[in-house]
1. Taking the beta-carbon count within 10 Å as an exposure proxy, list I275, I194 from fewest neighbours to most.
2. Multiply the residue gap between M44 and L251 by 0.36 nm, knock off their C-alpha separation, and tell me the result in nm, one decimal place.
3. Take each complete run of DSSP H in the chain, measure how far its Cα atoms stretch along the helix's own axis, and keep only those covering 27 Å or more with mean Kyte-Doolittle hydropathy at least 1.0; list them.
4. Taking R0 as 51 Å, what's the FRET efficiency between S52 and K14 from their Cβ-Cβ distance, rounded to 0.05?
5. Between E159 and L96, what length in nm is gained on full extension when 0.36 nm per residue of separation is reduced by their alpha carbon distance?
6. R0 = 25 Å: FRET efficiency of E343 with Q215, Cβ-based, nearest 0.05?
7. Tell me the net charge near A328. Cut-off is 10 Å between Cβ atoms, A328 excluded, with +1 for each Lys or Arg and -1 for each Asp or Glu.
8. Which aspartates and glutamates, on any chain, are close to K162 with Cα under 13 Å apart, when same-chain ones fewer than 8 places away are left out?
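Any read-out appearing in this document is the output of simple, stated calculations on the displayed coordinates, not a laboratory observation. Note that the coordinates shown come from a computational prediction; the quantities given were computed from them, not determined experimentally. Neighbour counts are summed over all protein chains in view; Cβ atoms, including those assigned to glycine, are modelled from backbone coordinates with ideal geometry.
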Amino acid sequence: MRLFSKSFIVRLIKLRNQMGVFWPLMVSQLSIAGVVVLAVYGYMELEGWSMSDSIYMVIITLSTVGFGEVQPLSSEGRMLTSFLILAGVGNFAFILGAFSQLLVEGKFFHFIGSRRVVKTISKLKGHCVVCGYGRIGSVVVDEIIAEAQDVVVIEHDPEAVKNLQEEGILYIEGDATSDEVLMQSGIANAKNLITALSEDAANVYVVLSARQMNQNLNIVSRASTPQRVSKLKQAGADSVILPNHIGGLRLAQSVLRPTVTSFMELAYGRSTMAIQMEELTISADSPLVGKDLIQSELRPKFNLIVIAIKKDNQDMIFNPEGRTVLEAGNTIIAVGAQEQLEEFAQLL
């Protein structure tokens, strides 16, 4: 059920972004349709009328033509009619406003469209900013959206911007190395930044600027060569990824250790098995704080396998013992079914 709701929210957000100025008009149409259906059902239940009489009563009421009542109304029927009049007038006003907005913004969409996007982005909190929507950046964005997380892309290539518009993804069109563009992406309120630009020098500049704007930002950057890793970390990156190096290792391991590679696909949710690997952080108010792994009953209750535990300012503890005490801020890396992982996450 939770997976369905998450998927529905993702599709709804993408639909809203894709429709743009048409979104209020669609919402208003759905709203008036809902009022009509509820009113017809109400007359049939409260007054015992037929469907044809109920529909006719709703039409003449909403149209305000002034015709008489189909049949004498009870007190409950009059209350329903009063609600129908108020809801109908309100919805028609909303439709008129949405249609007027569509006419106005249709002419000046190219001029004020970017302002509307920036206004939406300014309301985001804890989102992820991705610089670059190329071969790597597009994969990153798809993965983040699949987890129902808010993401803002900074891109200057017209073709990539067109793809972002078609996909309904929030974006800022411009150069990521510009401080103004970074501010428009809501970097001050963002939780994560991923720089996937093709040039290492541009990634260094973006990391340096972003770190000054948000000291608590988690920054992950792309690098083309190992020699650039130290510069990116000095600029403020928390983690640096070498896509070419990782891709080469993955190809080699697929040949040398195919079974291990298949198991590691669990971490990326690409396995055909009904299990996956997930990392979960223990909050300060979790009932698991102060308990060891045996007392937490992860295995008997949730059928989860704990592979490792990351404690604050300590190395990763692999294959932790049953007496390992869980503390607030610990990150647990576990393998299990998606449903069990979600149930366990509720305790955190």
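1. Listing I275, I194 from fewest to most nearby Cβ atoms yields I275, I194.
2. Fully extending the segment from M44 to L251 adds 67.9 nm.
3. 23-46
4. 0.80
5. Numbers: separation 63, 0.36 × 63 = 22.68 nm, distance 3.51 nm.
Gain in length upon complete extension: 19.2 nm.
6. Numbers: r = 35 Å, r/R0 = 1.41.
That gives a FRET efficiency of 0.10.
7. On the way: positive: none; negative: D285, D312, E327.
Residues near A328 contribute -3 overall.
8. E173
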